[in-house]
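Starting off with a structure, shown below.
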Amino acid sequence: MERIVVLYGGVSEEREISQKTGLAIADALTSKGYEVHLLDTADAHWVTSLIDIAPDAVFVALHGRFGEDGKVQGVLESLQIPYTGSGVRGSVISMDKLLSKYFFQSVGFHVPAYVTYTSRFSSKDIEVAGLQYPIVVKPRYGGSTIGLHIVENPDDLVRAIEDVLSMGDIPVVEEFIKGRELTLGAYKNSRGEVILLPLIEIVYGAEIFDYETKYTAGAAKHLIPAPVPDSIYRELNEKIPVLFETMSLEGVVRFDFMLSEDDILYVLEVNTIPGMTSVSLVPDAARHMGLSFEDLVEEVLKTARYGKA
């Protein structure tokens, strides 16, 4: 592979971070000697431009909707262009915070208790489900904690749900897990082996690890490797490779967890195209194990292939 297109930007709420991720990836690949073209999928003519460039492969650096949800992957499949990351199926499953829960539970992970939102939803559904305040409301298909709320009472619950609906998304209402925030990067290399990066504990002063905290240098501290019981590492080593297979995951991904105060590990979600900026979690973990950002990006590029759907 010599000519590479990096798809970045896009039209989701995470456009700004995708721009930073795309530029960082393009710089890394350029330093490795590749001919790199940046294409912003917010451009109405990006598909035509892609066909004109005729790349050997596409590095997908899009976050959120029309990036991680399988739609762009479907376009690339139809054009028969090799691309990085998970295919249509893996992207669809992972983007859906309700659907992905079934896969997490199928391998034995704990997930927060939740209520499925419908148009007839009311605060009484919280009581029926046995949930107690505070609870979490977040978009079913969103990312970067945009639209995430921790609510303390029924009035706040109504406002949080209205906020998510105003985003054009569907609310997920789930149990609030008090504890320590952990994240794990992992990738499938060109030989099909699942490599786990060092586990990270995220320490921050804000109430939640929100958008501003995630992407502001110095706002959060990364403890690498996370100081957790050995049993947690054994659980991850056993279950993460299975999730790669059952969820059809490819390339580099990031799993987000909460470790409760009684040391129960809850998986929250998986990101099929995690942030790759100067303050992002996956590059930080890779550096800790001696893998430079440029080498990590090239390692992911080598896994690009067509026919993942």
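The values are calculated or read from the model by the stated rules, or taken from the named source; none is laboratory data. What you are looking at is a predicted structure, and each value in this text was computed from that prediction instead of being measured. Neighbour counts run over all protein chains shown; Cβ positions are idealised from the backbone, glycine included.
Report those strands (runs of 3 or more DSSP E) wholly inside the range 142-193 carrying at least 2 residues which are farther than 25 Å from MET289 by Cβ and at pLDDT 90 or above.
By residue number, 149-151, 171-175.
Considering only residues that are among the aliphatic types (A, V, I, L, M) and assigned to a loop (DSSP other than H, G, I, E, B), look in the range 81-98 and name the one that is modelled with the highest pLDDT.
ILE81
Do the conditions hold for PHE244, that is, is it in the same structural domain as LEU184 (by TED's automatic domain parsing) and part of a strand (DSSP E or B)?
When the stated conditions are applied, PHE244 does not pass them.
Okay, moving on. Please work out if TYR141 is under 24 Å from the mean Cα position of the chain (by Cα), of a type in the set (Ser, Thr, Tyr) and either closer than 16 Å to GLY64 by Cα or not assigned by TED's automatic domain parsing to the domain that holds PRO227 (or both).
Here the answer is yes, as TYR141 does meet what is asked.
Also, quick follow-up: Can you find even one residue in the range 73-80 that is assigned to a loop (DSSP other than H, G, I, E, B), outside the structural domain of ILE264 (by TED's automatic domain parsing), touching a residue at least 40 places away in the same chain (Cβ under 8 Å) and over 26 Å from ASN189 (Cβ atoms)?
no
Please go through the range 23-44 and pick out each residue that is buried (at least 23 other Cβ atoms within 10 Å of the Cβ) and under 16 Å from GLU298 (Cβ atoms).
Selection gives ILE25, ALA28.
Is it the case that the range 36-45 has a residue that's within 17 Å of VAL282 (Cα to Cα) and touching a helix residue (DSSP H, G or I) at 6+ places or on another chain (Cβ under 8 Å)?
For the range 36-45, residues within 17 Å of VAL282 (Cα to Cα) and touching a helix residue (DSSP H, G or I) at 6+ places or on another chain (Cβ under 8 Å): absent.
Please work out which one of (1) closer than 29 Å to ALA26 by Cα; (2) free of Cβ contacts under 8 Å to residues at least 12 places away in the same chain; (3) not in a loop (DSSP other than H, G, I, E, B) is the condition VAL270 fails and give its number.
Among (1) closer than 29 Å to ALA26 by Cα; (2) free of Cβ contacts under 8 Å to residues at least 12 places away in the same chain; (3) not in a loop (DSSP other than H, G, I, E, B), VAL270 violates only (2).
To continue, here is another question. For the range 104-125, check the following and say yes or no: at least one residue is at pLDDT below 90, on the phi < 0 side of the Ramachandran plot and assigned to a helix (DSSP H, G or I).
Looking for residues that are at pLDDT below 90, on the phi < 0 side of the Ramachandran plot and assigned to a helix (DSSP H, G or I), one finds at least one in the range 104-125, hence yes.
Among the residues of the range 134-153, how many are touching a strand residue (DSSP E or B) at 6+ places or on another chain (Cβ under 7 Å) and either among the polar types (S, T, N, Q) or more than 21 Å from GLY275 (Cα to Cα) (or both)?
7
Let me ask something additional. What number of residues in the range 284-309 are small (Gly, Ala, Ser) and part of a helix (DSSP H, G or I)?
Qualifying residue count, the range 284-309: 2.
Separate question: Give me the pairs, please: first residue somewhere in the range 3-18 and part of a helix (DSSP H, G or I) and at pLDDT 90 or above, second residue anywhere and among the aliphatic types (A, V, I, L, M) and surrounded by fewer than 24 Cβ atoms within 10 Å (Cβ to Cβ), beta-carbon distance under 9 Å, and either six or more positions apart or on two chains.
Partner pairs satisfying both residue conditions: ARG15/ALA42.
Sticking with this structure for a sec: If I ask for residues that are small (Gly, Ala, Ser) and surrounded by 16 or more Cβ atoms within 10 Å (Cβ to Cβ), which ones from the range 280-308 would you list?
SER280, ALA285, ALA286, ALA304
How many of the residues making up the range 263-296 are closer than 25 Å to ARG65 by Cβ, polar (S, T, N, Q) and more than 11 Å from the chain's Cα centre (by Cα)?
Residues meeting the conditions: 3.
Going by the structure shown, is THR41 over 24 Å from the mean Cα position of the chain (by Cα), farther than 22 Å from GLU294 by Cβ and among the polar types (S, T, N, Q)?
no
Yes or no: LYS101 assigned to a helix (DSSP H, G or I) and crowded, with 19+ Cβ neighbours inside 10 Å?
The answer is yes for LYS101.
Within the range 50-64, identify whether any single residue is of a type outside the set (Gly, Ala, Ser), more than 21 Å from PRO283 (Cβ to Cβ) and buried (at least 19 other Cβ atoms within 10 Å of the Cβ), and answer yes or no.
yes
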